[in-house]
Amino acid sequence: MTDDTTTETKAIDRYGVMGYPISHSRSPVIHRLFALQTGQDIQYELLQVSPEKLETAVRQFQRTGGKGLNITVPHKSEVARLVDQMSDRAATAGAVNTLAFNGGEIYGDNTDGIGLLRDLAVNLGISLKGANVLVLGAGGATRGIVGPLLEMQPASLIIANRSLSKAETLVEHFSRSGPVSACRFNDVPVSDSYDLIINATSAGLKGEAPPYPAAAISKSTFCYDLSYGLKPTPFSAWAREAGAAQSVMGWGMLVEQAAESFKLWRGVRPETRPVLKQMSISA
Ligand code: NDP
């Protein structure tokens, strides 16, 4: 007699984050905490992928049954080429930080902007209406945050970048959404003080502090570094030294944008505050 009771082993759904470099990423910890909190069984991997291998690596992850990916430095603009469909906010940004694999299709989303806005407005209580905002950097992360920042109706938004042409391209892209302009770091106008300065360069990842415009900081300026670390990042240390009212690293944005990705993949939005606390970071 044969025993026809078969034990089906259900494969655990696989997710991951792709970037270059990637070892600094805390996304695996955050998604594990989300999974525990919401009772989901998932696996989340750290995937170091150089720019020339991006397409092969994404397609291989999809082919081998992967369900979704976060995409980080420096791939957010390039990966937008690979998606079959994308959300309005990813299309507006022209950059993708979240992929979902549904059957043979790749769906792209961008959760950076909503992640930053939730951290600023909900966790930190900052209002952007009528504010003068300076964004340093013009890469994939800036593409994701400029549209949502402009929706908050700031009085002005200046994008300063090492390569002026990249900042100008973004200004062209967003000029119909609000009062946005471009310049180099050493041409940042300092006649008006800034309410909010956001560092969206990746210079801190290499421990570098570019010639940020110290004169743009007044004692009422709130400085926000998208980069984060266990020790102060070069930008957040610089901002404190230059006399900023407050200098905050991007942990809150990291957790908030991750929660939006998790919601897209699993259909449930985890609570972010306990995760921020569990990571021993104050919200
Ligand atoms: P990209 O690689 O797309 O862009 C990098 C940007 O940094 C470019 O504007 C580049 O200028 C500038 N840059 C790099 N090195 C230097 C330097 N030495 N001096 C001056 N400028 C420099 O990266 P992303 O936009 O995707 O990410 C930017 C940062 O934001 C990263 O540190 C990333 O970790 C962080 N981030 C954090 C998030 C969070 O949730 N907290 C979410 C998203 C991003 P140029 O154009 O001249 O090359």
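The values are calculated or read from the model by the stated rules, or taken from the named source; none is laboratory data. Just so you know, these numbers come straight off a predicted model, no measurement behind them. Methodologically, a virtual Cβ is constructed for each residue, glycine included, from the backbone with ideal geometry; neighbour enumeration extends over all protein chains shown.
Could you run through the range 150-194 and say how many residues are crowded, with 16+ Cβ neighbours inside 10 Å and charged (D, E, K, R)?
Of the residues in that region, 2 qualify.
Scan the range 206-229 for residues that are within 14 Å of the ligand (Cβ to nearest atom) and either more than 18 Å from A160 (Cβ to Cβ) or more than 17 Å from the chain's Cα centre (by Cα) (or both) and jot them down.
K206, G207, E208, A209, P210, P211, Y212, P213, Y228, G229
Give the residue that is surrounded by the most Cβ atoms within 10 Å (Cβ to Cβ), with candidates limited to residues of the range 82-98 that are part of a loop (DSSP other than H, G, I, E, B) and among the hydrophobic types (A, V, I, L, M, F, W, C).
V96
If you take the residues in the range 257-281 that are assigned to a loop (DSSP other than H, G, I, E, B) and surrounded by 19 or more Cβ atoms within 10 Å (Cβ to Cβ), which one is nearest to the chain's Cα centre (by Cα)?
If we take residues in the range 257-281 being assigned to a loop (DSSP other than H, G, I, E, B) and surrounded by 19 or more Cβ atoms within 10 Å (Cβ to Cβ), then T272 is nearest to the chain's Cα centre (by Cα).
Suppose the filter is touching an Asp or Glu at 6+ places or on another chain (Cβ under 7 Å) and among the aliphatic types (A, V, I, L, M); does L47 pass it?
no
With the requirement that a residue be farther than 13 Å from A242 by Cβ and under 23 Å from the mean Cα position of the chain (by Cα), what does the range 184-205 give you?
Once the filter is applied, which keeps residues that are farther than 13 Å from A242 by Cβ and under 23 Å from the mean Cα position of the chain (by Cα), the range 184-205 yields R184, F185, D195, L196, I198, A200, T201, S202, A203, G204, L205.
Against the definition (farther than 30 Å from G39 by Cβ, β-branched (V, I, T), assigned by TED's automatic domain parsing to the domain that holds L117 and part of a loop (DSSP other than H, G, I, E, B)), how does T169 come out, yes or no?
no
Scan the range 159-205 for residues that are of a type in the set (S, T, Y) and within 11 Å of the ligand (Cβ to nearest atom) and report the count.
5
Do you know which residues across the range 23-36 are more than 16 Å from G68 (Cα to Cα), among the aliphatic types (A, V, I, L, M) and crowded, with 18+ Cβ neighbours inside 10 Å?
L33
Just one of V79, V58, V73 is part of a helix (DSSP H, G or I), hydrophobic (A, V, I, L, M, F, W, C) and within 12 Å of the ligand (Cβ to nearest atom); which is it?
V79
Kindly provide the set of residues from the range 37-55 that are surrounded by 14 or more Cβ atoms within 10 Å (Cβ to Cβ), assigned to a helix (DSSP H, G or I) and either in the same structural domain as L230 (by TED's automatic domain parsing) or not hydroxyl-bearing (S, T, Y) (or both), ordered by number.
Listed by number, the residues that qualify are Q37, L54, E55.
If you check every pair at least six apart or on different chains, which have Cβ atoms under 6 Å apart with a residue in the range 138-158 that is free of Cβ contacts under 8 Å to residues at least 24 places away in the same chain and closer than 16 Å to A182 by Cβ first and a residue that is within 14 Å of the ligand (Cβ to nearest atom) and part of a helix (DSSP H, G or I) second?
That search, which allows pairs on different chains as well, returns nothing.
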